[in-house]
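A.B. asks: Mind looking over this structure? Questions follow.
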Amino acid sequence: GRSLEWKTGVGPASIEVLYRGKGVGIIRKAFGEPDEDQNGVWIYKGMKVAVAQTGQIMTTVRFTISNDQVLSVSVEP
């Protein structure tokens, strides 16, 4: 999962839509163990996520976890 180029922004194929509400097992299977776990926020670095509107590449993805489910997904440069 880390070697793929993901999309962010709009549409059902965005990483936020694909993984919101999913269980932590799916996240671990797709991306492995997080680089950091900050009180339930799993941080994955070295990702490739293209912003739909600009094509800019983001490299950090944060999954906010609660009760073994993904509450939200955010991407950062």
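The values are calculated or read from the model by the stated rules, or taken from the named source; none is laboratory data. Everything numeric in this text was worked out from a predicted model, so none of it was measured. Because the Cβ atoms are built from the backbone with ideal geometry, glycine has one as well, and the counts that use them run over all protein chains shown. Side chains are part of the model used for accessible areas, which takes the heavy atoms of the whole protein and leaves out ligands, DNA and RNA. Shrake-Rupley method; radii C 1.70, N 1.55, O 1.52, S 1.80 Å.
A.B. asks: For a quick check of your reading of the model, give me the residue pairs whose first member lies in segment 11-24 and is of a type outside the set (K, R), whose second is open to solvent by 40 Å² or more (accessible area, probe 1.4 Å) and not in a loop (DSSP other than H, G, I, E, B), with beta-carbon atoms closer than 7 Å and at least 6 apart or on different chains.
C.D. replies: The qualifying pairs are A13/K7; S14/K7; I15/K7; G21/Q69; G23/Q69.
A.B. asks: OK, next. So, in segment 14-27, of the ones that are touching a strand residue (DSSP E or B) at 6+ places or on another chain (Cβ under 9 Å) and closer than 16 Å to N67 by Cβ, which residue ends up most open to solvent (accessible area, probe 1.4 Å)? Break it down into steps so the answer makes sense when it comes.
C.D. replies: Pass one, segment 14-27, residues touching a strand residue (DSSP E or B) at 6+ places or on another chain (Cβ under 9 Å): 14-24, 26-27.
After this cut, where a residue has to be closer than 16 Å to N67 by Cβ as well, the list is 19-24, 26-27.
Numbers: Y19: 27, R20: 123, G21: 43, K22: 78, G23: 20, V24: 16, I26: 84, I27: 0 Å².
Residue satisfying both the conditions and the ranking: R20.
A.B. asks: Then there's this: Filter segment 40-64 for residues that are open to solvent by less than 30 Å² (accessible area, probe 1.4 Å) and touching a residue at least 40 places away in the same chain (Cβ under 8 Å) and give the result.
C.D. replies: Listed by number, the residues that qualify are Y44, M47, V49, A50, V51, M58, V61, F63.
A.B. asks: Here's a follow-up. Go through segment 1-10 and give me each residue that's open to solvent by 40 Å² or more (accessible area, probe 1.4 Å) and in a loop (DSSP other than H, G, I, E, B).
C.D. replies: R2, S3, L4, G9, V10
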